[in-house]
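Here the structure is laid out as structure tokens; the discussion comes afterwards.
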Amino acid sequence: MSSLLQQALRRKPVQLIQDETGADTGKGDLARTIGLAQLSMFGIGATIGTGIFIILSQAVPVAGPATLISFVVAGIVAGLTAICYAELAGAVPVSGSSYSYTYATLGEMPAIAVGACLLLEYGVSAAAVSVGWSQYLNQLLDNLFSIRIPDALSQAPEQGGIINLPAVVLVCLCGVLLVRGASESAKINAIMVGIKLGILALFVVVGIAGWNTDHFADFAPFGFSGIMSAAGIIFFSYIGLDAVSTAGEEVKNPRRNLPLAILISLVAVTGVYIAVVAVAIGAQPADQFQDQEAGLAAILENVTGSSWPGTVLAAGAVVSIFSVTLVVIYGQTRILFAMSRDGMIPKVFHKVNPRTLTPIPNTIIVCAVIGVLAGFIPINFLAEMTSIGTLVAFLVVSIGVMVLRRIAPDLKRSFKVPGYPVTPILSIIGCIWIIKDLRPVTIYVFLVWVAIALGWYLAYGRSHSYLDKADAAGTNAKDEL
């Protein structure tokens with residue numbers, strides 16, 4: 001029996017991962033039904049959420065008109081990580097995202113720690129955005145029909161309500177779509193992403209009528225430090241690009257389409273953000289963004305002299321959050337699917353329905369847990385936990401690129417990080433730079449969370465690992481699945 005340290009750091013062979021997922025044969029556990037366009041919409045849908053609708057009220061007071069540069073800086077940091085994801089996704093096209101990449105490069109125990117990060121990124125954020133959906137839904141109903149869902153049915157108990165029913169309904173609707181199949185979910189998501197992009201395009205087209213070059217006169221009133229501080233705030237609007245990699249086992253031609261979809265999502269999201277920000281600042285003086293609610297709607301209302309933009313943008317937020325929730329829950333189920341296949345968590349998360357070829361028990365459990373969180377807990381205070389979980393996962397992926405280049409230099413890679421090794425090193429530095437500005441309590445709670453995950457590994461994962469069974473039996477772990 002290998003020592004504990006050897007067990008903790010044993011890597012899952014890349015060839016085994018590729019055999020399990022049918023990366024080259026197309027014969028994996030899940031059906032490959034998602035094309036490049038739908039996959040790109042996954043990345044765009046998971047990234048462009050409510051952030052762009054509200055982030056300017058936080059960023060512009062910090063950086064002034066130079067917020068435009070802050071978005072570019074944040075996009076570069078996110079882009080460096082996205083490029084690293086693209087290389088690993090093309091080399092190891094698997095559903096587990098950075099969990100599986102870590103397993104293949106750094107070992108079993110680090111993979112469990114990254115899995116815990118992903119639980120924060122996907123599980124907690126799905127509940128948080130679902131809570132936000134009920135707020136925008138109420139705003140839309142009020143604007144259209146002058147009715148509101150009572151607080152008792154739209155607020156968590158701690159906020160004076162009984163249950164946040166719209167949030168629970170949203171999670172259930174996403175669960176129904178996901179149970180029906182990945183292809184159907186991808187099609188619905190593509191439609192919703194098209195709608196939200198259309199609404200943001202409408203903002204740009206209408207808002208540019210109010211353009212005033214004088215608004216850019218005092219371009220960087222708070223200097224370089226203001227630009228970088230705003231970039232840290234804005235960075236979290238780019239979280240979601242990694243959602244593409246969670247679909248690794250349901251994508252047609254994964255070696256080509258996974259890296260392409262990540263890069264397409266990055267370019268599309270950055271382009272949309274910069275266009276929206278430029279028009280917003282051009283149409284409204286920087287000093288009016290402070291604490292401005294429904295900022296984009298207010299800008300259009302000032303430009304048009306009408307109240308209809310508030311209704312349109314509320315509808316856009318409703319559709320946007322639905323899309324984000326769908327993709328995030330999808331990603332969560334596929335990460336748990338990969339962890340279960342490895343024996344790190346119970347087998348129920350790996351069971352696939354023979355008709356739909358989707359992990360139905362897994363999806364039901366995930367939706368039940370997220371539904372409870374969204375319905376009964378004011379989840380907003382955990383939003384920062386989502387951010388640190390994502391950043392640590394990003395950081396590990398950048399390290400994983402360098403490790404895999406060293407341990408498997410001849411591995412087939414459909415995409416290689418340009419500027420290697422400078423690019424992954426800059427990505428690591430960027431992630432650490434943002435993490436250091438998070439509140440100390442966030443970092444402490446995160447460390448406790450990871451410690452719990454490592455305790456789970458020692459108590460359960462280590463003894464149930466299929467690699468451990470293979471070591472004991474002297475056989476290929478594939479035979480144990």
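The values are calculated or read from the model by the stated rules, or taken from the named source; none is laboratory data. Predicted, not measured: the structure shown is a model, and the values here were computed from it. In this analysis, Cβ positions are derived from the backbone assuming ideal geometry, glycine residues included, and neighbour counts consider all displayed protein chains.
The C-beta contact set for region 93-111 (first residue more than 19 Å from Leu5 (Cα to Cα), second residue surrounded by fewer than 24 Cβ atoms within 10 Å (Cβ to Cβ) and not hydrophobic (A, V, I, L, M, F, W, C), distance under 7 angstrom, 6+ apart or interchain) comprises Pro93/Arg255.
Do you know which residues across region 241-255 are in contact with a Phe, Trp or Tyr (Cβ under 9 Å, 6 or more places away or on another chain) and either surrounded by fewer than 24 Cβ atoms within 10 Å (Cβ to Cβ) or closer than 17 Å to Val324 by Cβ (or both)? Hits for region 241-255 are Leu241, Asp242, Ala243, Val244, Ser245, Thr246, Ala247, Arg255.
All conditions in (1) surrounded by fewer than 24 Cβ atoms within 10 Å (Cβ to Cβ); (2) within 20 Å of the chain's Cα centre (by Cα); (3) at pLDDT below 90; (4) farther than 30 Å from Ile281 by Cβ hold for Ser237, with the sole exception of (4).
Of all residues in region 39-79, those satisfying the criterion of being farther than 30 Å from Arg334 by Cα, crowded, with 24+ Cβ neighbours inside 10 Å and not hydrophobic (A, V, I, L, M, F, W, C) are Gly64, Thr67, Ser70. With the requirement that a residue be assigned to a helix (DSSP H, G or I), free of Cβ contacts under 8 Å to residues at least 60 places away in the same chain and farther than 21 Å from Ile329 by Cβ, what does region 142-197 give you? Matches in region 142-197: Asp142, Phe145, Asp151, Ala152, Leu153.
Residue selection: Leu197 fails the criterion of being at pLDDT below 90, buried (at least 17 other Cβ atoms within 10 Å of the Cβ) and more than 21 Å from Cys367 (Cβ to Cβ). When region 344-355 is filtered for residues that are closer than 11 Å to Gly461 by Cα and surrounded by fewer than 23 Cβ atoms within 10 Å (Cβ to Cβ), the ones remaining, listed by number, are Ile345, Pro346. Within region 208-230, if we keep just the residues that are of a type in the set (S, T, N, Q) and part of a helix (DSSP H, G or I), the residue that is modelled with the lowest pLDDT turns out to be Ser229. Only one of the numbered conditions (1) among the basic types (Lys, Arg); (2) surrounded by fewer than 18 Cβ atoms within 10 Å (Cβ to Cβ); (3) under 30 Å from Ala459 (Cα atoms) is violated by Arg439, and that is (3). Considering (1) closer than 30 Å to Ala167 by Cβ; (2) surrounded by fewer than 17 Cβ atoms within 10 Å (Cβ to Cβ); (3) in contact with a Leu (Cβ under 9 Å, 6 or more places away or on another chain), the lone condition that Val372 does not fulfil carries the number (3). Looking at the structure I just gave you, is Phe216 under 20 Å from the mean Cα position of the chain (by Cα) and aromatic (Phe, Trp, Tyr)? Considered against the rule, which asks whether it is under 20 Å from the mean Cα position of the chain (by Cα) and aromatic (Phe, Trp, Tyr), Phe216 comes out as no. On inspection, Gly115 does not qualify as in contact with an Asp or Glu (Cβ under 8 Å, 6 or more places away or on another chain) and not hydroxyl-bearing (Ser, Thr, Tyr). If I ask for residues that are over 24 Å from Met228 (Cα atoms) and of a type in the set (D, E, K, R), which ones from region 408-449 would you list? Across region 408-449, the qualifying residues are Asp410, Lys412, Arg413, Lys416.
Take the conditions polar (S, T, N, Q) and under 21 Å from Pro65 (Cβ atoms) and apply them to Asn302. Does it pass? Answer is yes for this residue.
Condition check ((1) among the small types (Gly, Ala, Ser); (2) under 23 Å from Met344 (Cβ atoms)) across all residues:
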position	(1), (2)
Ile360	no, yes
Ala368	yes, yes
Leu373	no, yes
Ala393	yes, yes
Val403	no, yes
Val417	no, no
Gly430	yes, no
Val450	no, yes
Trp456	no, yes
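When only residues in region 386-414 that are without any contact (Cβ under 8 Å) to a residue 40 or more places away in the chain and not in a helix (DSSP H, G or I) count, which is surrounded by the fewest Cβ atoms within 10 Å (Cβ to Cβ)? Looking at the filtered set, the residue picked out is Asp410. Any chance region 173-191 includes a residue that's among the aliphatic types (A, V, I, L, M) and over 24 Å from Thr363 (Cβ atoms)? Within region 173-191, none of the residues are among the aliphatic types (A, V, I, L, M) and over 24 Å from Thr363 (Cβ atoms). Of the residues that make up region 134-155, is at least one small (Gly, Ala, Ser), crowded, with 20+ Cβ neighbours inside 10 Å and within 30 Å of Gly223 (Cβ to Cβ)? No; the residues of region 134-155 include none that is small (Gly, Ala, Ser), crowded, with 20+ Cβ neighbours inside 10 Å and within 30 Å of Gly223 (Cβ to Cβ).
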